[in-house]
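Take a look at the structure below.
Only the coordinates and a few stated rules stand behind these numbers; no lab work does. This is a predicted model, so every value here is computed, not measured. Cβ: placed from backbone, ideal geometry, glycine included. Neighbour counts: every protein chain shown.
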Amino acid sequence: MSISEKTPFPNSVSYMKTIHLPISPRKIRYCSYTNTFLAIDDIKNYIYRIDIQGKITQRIGEFGFEKGQFVHISDIAVNDFGNIFVVDDVENLIIQFDELGQYVNSFEPMDVSEPELIAVQNTGEILVYDSNANQVVCFSRANNIRFRFGKFELVDPFKIAPSMNVNYIADHGTNSVFLIDTFGGLLSEINVEYPLIDISTSKSIYFIIDNRTNLFIARKTSDQLLELGPLNILAPLKNIKAIVALQSQIAVLDSTTLVIFQLVTN
């Protein structure tokens, strides 16, 4: 039995609290290393670090063409050690910052002309979605291509969420989530009834939310979803943008608030 199969599996959720944010995030990620959120401001082209009380503690990077600067942020990712990876889809660059938000390096992903999405596997390998070629490219830490996926499966992907040994790609066009192994092989495709809003992952569980606020969860390689929603029964939700898996909670980005729900295991 694997570690993920031994992990207690939530079977309900309860409302915890609402955090009011000082910005309107376009995208948001959770950094477990620093216990903070990383958000792309929907108005300004900045990345903000936000603590669990909802306060901005740092602005990372700035507009420009020099090292550590970016023209337009398309997506961000953070690894287990707090390193931040930023996609500049205008300059065709991946820019890395350390856990303190300091510039480390940048590189142009090989054979990618229009980078749009990014994720970092627990192995340190980087996944980049190229919207021009309509495929996800996996790069080793030496910036060598390991595999490509999606040219004939993806239609309009909007999120890559990695977990241990599994990568999840959410696609608006197919209204589904693709489960991909670490070699680029398709494990399964999960379809949902109502329009898909977002996905997020922990080390052993993945989460899906639709536009009816229905929350679904499953173990990392399973296609058997358990429904834990709708969440708007527990708390008012009007404009869901994203969900973020924390350690034992799930955060729902609703306009300019983060609504925190506790995962309950009986």
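Below, the figures for the structure above:
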quantity	calculated
Three-way shape call for the stretch 3-264 based on the alpha-carbon gyration tensor, with the a/c threshold at 1.5	oblate
Cβ-based charge dipole, the chain, positive-most Cα from A133, N92, N35	N35
Within the stretch 1-88, trypsin sites (Lys or Arg not before Pro) in DSSP loop having at most 16 other beta-carbon neighbours inside 10 Å	K44, K55, K67
For V166, residues with placed amide H under 5 Å, excluding near neighbours	none
Value of [θ]222 nm, deg cm²/dmol, for the chain, DSSP H segments ≥ 4, -39500 (n - 2.57) each, nearest 500	0 deg cm²/dmol
Difference of contour (0.36 nm per residue) and Cα-Cα distance, V104 to N45	19.3 nm
Amide hydrogen neighbours beyond the local backbone of L187, cut-off 5 Å, H modeled	L179, I180, D181
Reach of K159 by Cα under 19 Å, taken over lysines that are not fewer than 8 positions away in the same chain	K27, K151, K203, K220, K241
Estimated FRET transfer efficiency when R0 is 25 angstrom, pair M164-E62 (beta carbons, to 0.05)	0.15
Computed magnitude of the charge dipole of the stretch 3-264 (debye, nearest 20; Cβ of K, R +1, Cβ of D, E -1)	820
Computed E for M16/I145 - FRET, C-beta separation, R0 25 angstrom, nearest 0.05	0.05
Mean Cα-pair separation over length for the stretch 3-264, i.e. relative contact order, pairs under 8 Å, 6 or more apart, %	16
Under-5 Å amide H pairs with D42, H placed in peptide plane, nonlocal only	S24, R26
Highest average packing first - 74-81, 142-149, Cβ atoms within 10 Å	74-81, 142-149
